[in-house]
Amino acid sequence: MPFGAELVDSGKVRFRLWAPAAKTVSLALKESQRTFPMNLLGDGWFETVTDEARAGTQYRYRIDDQLEVPDPASRFNPDDVTGPSAVVDAASFRWTDAQWAPRPWPEAVVYELHVGTFSPEGTYAGVEKRLDYLATLGITAIELMPLADFPGRRGWGYDGVLPFAPDAAYGTPDQLKALINAAHARGLAVMLDVVYNHFGPEGNYLHAYAPQFFTDRHQTPWGQAINFDGAASRTVRDFFIHNALYWLEEYHFDGLRFDAVHAIIDDSTPDFLTELASTLRTGPGRDRPIYLVLENGKNEARYLGAPGARNTFDAQWDDDVHHCMHVILTGETDGYYEDYAEEPHALLCRCLAEGFAYQGEISKHEGDQARGEPSVHLPPSAFMPFLQNHDQIGNRAFGDRLTASVQSEDALRAATAILLLSPLPPLLFMGEEWQAPEPFAFFCDFKGELAQAVREGRRREFARFTKFRGDIEIPDAVSEETFRSACLDWSKTTQAPHAQSLDFYRRLLTIRHRDIAPLTASITRSTCVKLEANGAFAVDWTTRDGAVLHLLANLNSAPSPAVGRAAGRVVFATHPSIDSALAKNELAPWSVIWLLERRDGGR
């Protein structure tokens with residue numbers, strides 16, 4: 001790795017920093033209180049190699065004999081983002097996963113979790129204790145919310161400022177590696193959410209010695225954009241590309257989820273995302289499957305392709321599916337849900353068959369701008385649906401989960417049956433499977449003026465929602481109580497109605513792995529075959545050998561004439577009287593039927 005501190009074969013430690021705005025840089029060792037001038041190599045690079053440091057040595061860089069800063073490529077910062085960095089022996093951990101390989105991406109079932117609130121311990125070790133539970137549930141991959149060192153002891157992770165340093169609040173680098181190693185032993189892949197669109201507002205010193213990391217030519221919701229296409233952008237691009245390689249190679253992560261790439265602005269060719277995908281595919285992806293997943297509010301289908309394709313990503317979080325489902329299940333149409341208010345069932349049918357609801361159509365919420373690109377040519381595996389995730393819960397003023405506002409239990413069961421049995425690889429959010437009641441409101445650990453700015457920003461953010469106008473108090477993001485309220489209570493998994501919900505998820509995921517997963521990679525055509533005026537719809541997925549997976553759905557509170565072709569074996573039905581319903585050509589309220597038709601006659 002060209003950045004940061006690294007042990008070399010001689011037993012010494014090489015320190016490297018890119019500081020193009022600095023005249024001099026010195027290495028300051030905490031334990032010995034000694035400083036060593038670093039050599040200017042050219043193009044803004046400073047380096048020194050010393051035998052005065054070893055694994056565990058804490059250090060800072062002294063800029064122009066005035067400012068001491070942590071290493072921006074620190075592998076570990078034990079005393080938070082403003083403290084000294086620590087040298088890490090990247091090769092000291094003893095892996096036992098040499099024979100490990102994750103499942104093909106089309107078979108994935110991903111479980112998103114926040115390390116600090118998932119377990120009572122709030123640590124990597126706490127997650128490790130629950131791996132058997134996740135494997136038994138039917139999960140194939142866990143996705144950790146961002147770990148890049150962020151200010152304070154609690155946070156979502158999207159305000160990280162040291163992208164290479166897993167936050168010390170959750171444990172040590174070796175404890176993170178132990179979690180991943182243990183997950184692989186149980187057949188579970190591990191993904192990491194990474195943020196390459198901005199740095200957090202506290203603890204980022206790059207402006208002082210490497211302002212070339214940023215550009216005024218582009219703006220993001222968080223201020224100046226990262227410089228991916230201007231002067232000196234080569235080193236900036238390399239910084240983030242090496243970060244992705246670092247997590248995949250040094251930590252054996254099986255995949256990455258790239259946060260809000262619509263805020264990565266790059267006018268160059270190839271752009272950063274394309275170069276990133278190509279580099280990862282020809283690097284660690286050359287020897288093993290790696291999962292590359294985007295969050296992209298622009299619905300740019302050009303970044304997506306078949307699993308493992310060289311210059312593209314495997315999938316995108318499909319917000320359109322969530323928004324359609326949320327409008328149908330809750331009746332809410334405020335904020336970004338306004339784009340889905342008029343025809344949520346039709347848009348949902350389109351999502352299941354074609355990927356995106358918005359493929360170039362005008363978005364009212366986006367100021368009457370066109371949103372999206374055609375996506376019908378992409379495989380179902382390119383779209384990752386969900387009913388809940390950290391954003392769609394945390395973006396709500398009180399962080400309340402879907403179960404707090406859904407119209408009925410039958411409605412939730414029907415939506416869940418679509419999520420878990422469609423050929424699209426589903427995403428679950430921690431606790432969703434047992435209807436965890438704990439909210440997941442945004443929380444952080446900022447202090448002073450920054451804390452007040454967060455409070456005021458949250459109030460402005462929810463001003464556009466009718467029910468939050470006025471003097472309604474929303475949770476204080478910087479209060480420890482808001483964090484504590486998000487911690488899962490695992491005792492509820494054995495209590496009604498949570499135990500029944502958990503059993504329902506387990507049953508559906510068993511069916512998915514038995515009947516749906518073997519088909520996913522061979523689907524060649526998907527079609528929204530029927531859409532009734534009342535919103536009942538049918539979708540067909542056809543495989544290359546002629547098998548057809550049928551979905552018949554009535555996501556309404558009144559009965560509906562059956563839609564589509566009720567052919568083949570019933571894989572799952574929400575209502576036990578399925579034979580009677582098909583005989584009467586009628587779908588019950590909030591009902592879903594899945595059938596598998598084989599070329600040999602349907603069994």
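Calculate how steeply helix 173-185 sits against the longest principal axis of the alpha-carbon atoms of the chain, using the helix alpha-carbon long axis, and give the answer as 0 to 90 degrees to the nearest 10. Result, in degrees: 30. Basic side chains Lys and Arg get +1 at the Cβ, acidic Asp and Glu get -1 at the Cβ, and with that the dipole of the chain about its Cα centre reaches some 1300 debye. Working ranking of peptides 505-514, 137-146, 47-56 by packing, defined as the average number of other Cβ atoms within 10 Å per residue, highest first, is 137-146, 505-514, 47-56.
In the chain, the longest principal axis of the Cα atoms and the axis of helix 448-461 are about 20 degrees apart. Seen from all directions on average, the chain presents a Cα convex hull projection of 27.3 nm².
Note on the chain: antiparallel DSSP beta bridges, both residues inside, total approximately 70 percent of the bridges counted.
Subtracting the Cα-Cα distance of Leu40 and Glu461 from their residue separation scaled by 0.36 nm leaves 147.0 nm.
Shown for Ser491, Ser479: other C-beta atoms within 10 Å of each C-beta, ranked fewest to most, produce the order Ser491, Ser479. What is the set of long-range amide H partners of Leu587 at a cut-off below 5 Å, with H atoms built 1.01 Å from backbone N? Residues meeting the criterion, in which the H sits 1.01 Å from N, are Ser560, Ala562.
Relative contact order, whole percent, for the chain stands at 10, derived from Cα pairs under 8 Å and 6 or more residues apart.
Couplings 3J(HN,Hα) of segment 475-484, computed from phi: x, 6, 4, 8, 7, 4, 4, 4, 5, 4 Hz, in residue order, whole Hz [Karplus 6.51 cos²θ - 1.76 cosθ + 1.60, θ = phi - 60°; x for Gly and Pro]. This model, with +1 at the C-beta of Lys and Arg and -1 at the C-beta of Asp and Glu, gives segment 218-300 a dipole about its Cα centre of some 100 debye. Pairwise Cα distances in segment 4-86 exceed 17 Å in 39 percent of cases. Shown in residue order for segment 275-287 are the 3J(HN,Hα) couplings computed by the Karplus curve 6.51 cos²θ - 1.76 cosθ + 1.60 at θ = phi - 60°: 4, 4, 4, 4, 5, 5, 5, 8, x, x, x, 6, 9 Hz (x for Gly and Pro). Computed from point charges on the beta carbon alone (+1 for Lys and Arg, -1 for Asp and Glu), the dipole magnitude for segment 522-597 about its Cα centre is near 120 Debye. For Trp95 and Tyr133, the difference between the fully extended length at 0.36 nm per residue and the C-alpha to C-alpha distance is 11.4 nm.
When the inverse distances between all different Cα atoms of segment 522-597 are averaged and flipped, the Kirkwood radius reads 12.3 angstrom. Considering only Ser560, Thr543, Val529, the residue lying farthest towards the positive end of the dipole of segment 522-597 is Thr543, judged by Cα position with unit charges set on Cβ. One decimal place: the segment Asp267-Gln219 gains 16.0 nm when fully extended, by the rule 0.36 nm per residue minus the C-alpha distance.
Note that segment 425-431 has calculated 3J(HN,Hα) couplings of x, x, 10, 10, 10, 3, x Hz, one per residue in order, obtained from phi through the Karplus relation 6.51 cos²θ - 1.76 cosθ + 1.60 (θ = phi - 60°); glycine and proline are x. With a threshold of 32 Å on the Cα-Cα distance, the over-threshold entries among Lys30/Lys447; Lys12/Lys447; Lys30/Lys177; Lys177/Lys492 are Lys12/Lys447.
Placing +1 on the Cβ of each Lys and Arg and -1 on the Cβ of each Asp and Glu in the chain, which of Met1, Leu419, His114 has its Cα farthest towards the positive end of the resulting dipole? So the residue furthest toward the plus end is Leu419. Think of it as helices only: each DSSP H run of n ≥ 4 in the chain is worth -39500 (n - 2.57), and spread over all residues that comes to -7000 deg cm²/dmol at 222 nm.
Computed from the coordinates by the stated procedures, all read-outs in this text should not be read as laboratory data. What you see is a predicted model; the values in this text were computed from it and never measured. Heads up, the Cβs are rebuilt from the backbone with ideal geometry, glycines too, and the neighbour counts pull from every protein chain shown.
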